[in-house]
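Encoded as structure tokens, the structure appears first; notes follow it.
The values are calculated or read from the model by the stated rules, or taken from the named source; none is laboratory data. The structure displayed is predicted, hence computed values, not measured ones. Cβ sites come from the backbone with ideal geometry, for glycine too, and all protein chains shown count toward neighbours.
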Amino acid sequence: MTNAAIYARISSDVSGDAHGVTGQVADGRALCEQRDWRVVEVYEDNDLAALAGGPRPRYADLMAAAEPLDVIVVYHLSRLWRNRRERAEGIERLKPLRVSIVSVKGPDLDLSTAYGRSMAGMLGEFDTWESEVKAERVRSHIERNASSGAQMAGGHRPYGYQPHYKVVSQGGEKVRRRITGVDLEPTEAAVVRECARRILAGESLVSVCDDLNRREIVTSAGRTWRTQTMRRMLCSARISGRRQHIPTDSYQGKTAPLLGPIVSDTSEWPAIITHAESDRLRTLLGGRVGTRPGSGTRKLLSGLLVCSRCGRPMVSRPQDGHPRYVCDANPGRGGCGRMYVNMARADERVRDLVLAALDSPGMAERLAQRDSPDDGIHQQIRDGEEALERLAADYGVMTRREWKAARTPILARLEKARAVLSRQSQTSALEGFHGPLDFMQERWAAMNTSQRRAVVTACVESITVYPPRSGGNRFDPDRLHPVWRA
């Protein structure tokens, strides 16, 4: 008796009820019964596309178990193969086993013969062509929608928004949904504004996420907040009422890049924050991992204190149970190892210096005036990034020396613009903080380390630590010399 295996696949099962593969299996069983074949096994890959060549677990099982089979029954040849590489590998796998492909809607193909293999290749190429044309049409439609600021219905509900959906039905089965309108979700939108303000003020992503989780505020998926989730939300152009487009060919595996080009300054999504705030967030959070704020919890003055002997930043190191800031002489650090200061006393001293400075006439005003927002800085950063993209496309057309000569001034302009933007963000930490001394002391006491550090870095560039005076072990506050920003 002929041994047959049935393979069924459907690319997209929006309803989740597997009706598509169930129908294919039923038709395959009917064909086997008609021809008096014994069904050895049924293999189903539901909701899995084949064009991109991604994993299909049951297809892999079928190929591994093909040796005792005589035929593989499919509804249509396109259900088995859409990808050129998989088709070629599949034909070569089944050829020596003398396994035939039989389609409910198509011809019988004996892969042990040249005719059967060539027909499988030609028919399969038409299937691939059809899929690629459809994919090009869909991509073009998505790009047009993005440029016009239209909404997209895919994915989970964006945090801060409440979309209204219309279910589009076909044959009584739900096949897709369409957004008919979007409203802000007031409570969540307020959280988005709070997070944006805190990050722009210099607080770390870790600190903000920990605070939301402590307050039992969850994501739109009902999960706890993680730094990557927070970063993607704040970098999204959507929350500023704009539209970005990230082509799928720029994905790293299945992960979309953090940032995509903004293709429309208007969108059907209501804005939660301003364009300028969004640009600052995208610049601050969208850089290399090592340059992004908030990768972990730091001590108040780590990296801000500078050794007067060697000029290297000082770090936190406990000794004999007492936390200290030290000049680190370990390999790779480059410090002299000859300077240290008590952490608690240094933190208190810098706190007093900063609060006293902010309580002095005009200090906060001078800082704000020095780093007043410049709307053109965001456009300068965009222009620089676009210039780098155009230059990258020319790599190989010009010589390496010409390419480097063109790239150097662009990087210099970008670095300068980002430095200006960074100063503006540091000054944001003082919004709502400045006031009478007792008010600032109360605010300071209620802050976490990340928030306090943001206030300090808004006021000082660095703090130089000098050697202690001889003849005493008491803490000398005059050892700390801040370099003020204004």
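Structure notes:
- Meets criteria (under 20 Å from the mean Cα position of the chain (by Cα), within 14 Å of Arg157 (Cβ to Cβ) and not aliphatic (A, V, I, L, M)) for Ser204: no
- Scanning segment 185-216 for residues that are surrounded by fewer than 17 Cβ atoms within 10 Å (Cβ to Cβ) and either without any contact (Cβ under 8 Å) to a residue 60 or more places away in the chain or not assigned by TED's automatic domain parsing to the domain that holds Arg232 (or both) yields Pro186, Thr187, Ala190, Glu194, Asn213, Arg214, Arg215, Glu216.
- Candidates are the residues of segment 29-69 that are acidic (Asp, Glu) and surrounded by 18 or more Cβ atoms within 10 Å (Cβ to Cβ); the one that is modelled with the lowest pLDDT is Asp45.
- Exactly one residue out of Glu173, Glu216 is modelled with pLDDT of 90 or more and acidic (Asp, Glu), and it is Glu216.
- Boolean, Val192 is within 23 Å of Ala454 (Cα to Cα), modelled with pLDDT of 70 or more and among the β-branched types (Val, Ile, Thr): yes
- The listed residue being at pLDDT 85 or above, basic (Lys, Arg), surrounded by 15 or more Cβ atoms within 10 Å (Cβ to Cβ) and farther than 24 Å from Trp37 by Cα, out of Arg82, Arg87: Arg87
- With respect to (1) farther than 25 Å from Thr22 by Cα; (2) crowded, with 20+ Cβ neighbours inside 10 Å; (3) under 42 Å from the mean Cα position of the chain (by Cα), the lone exception for Leu111 is condition (3).
- Filtered residue count, segment 27-39, keeping only those that are under 19 Å from Met63 (Cα atoms) and within 45 Å of the chain's Cα centre (by Cα): 1
- The set of residues from segment 390-419 being within 30 Å of Leu353 (Cβ to Cβ) and either at pLDDT below 65 or assigned by TED's automatic domain parsing to the domain that holds Arg197 (or both) comprises Arg418, Ala419.
- Residue match in segment 312-325 (condition: aliphatic (A, V, I, L, M), at pLDDT 90 or above and either touching a Gly at 6+ places or on another chain (Cβ under 8 Å) or part of a strand (DSSP E or B) (or both)): yes
- Top-ranked residue in segment 224-245 [being surrounded by 15 or more Cβ atoms within 10 Å (Cβ to Cβ) and part of a loop (DSSP other than H, G, I, E, B); ranked as modelled with the lowest pLDDT]: His245
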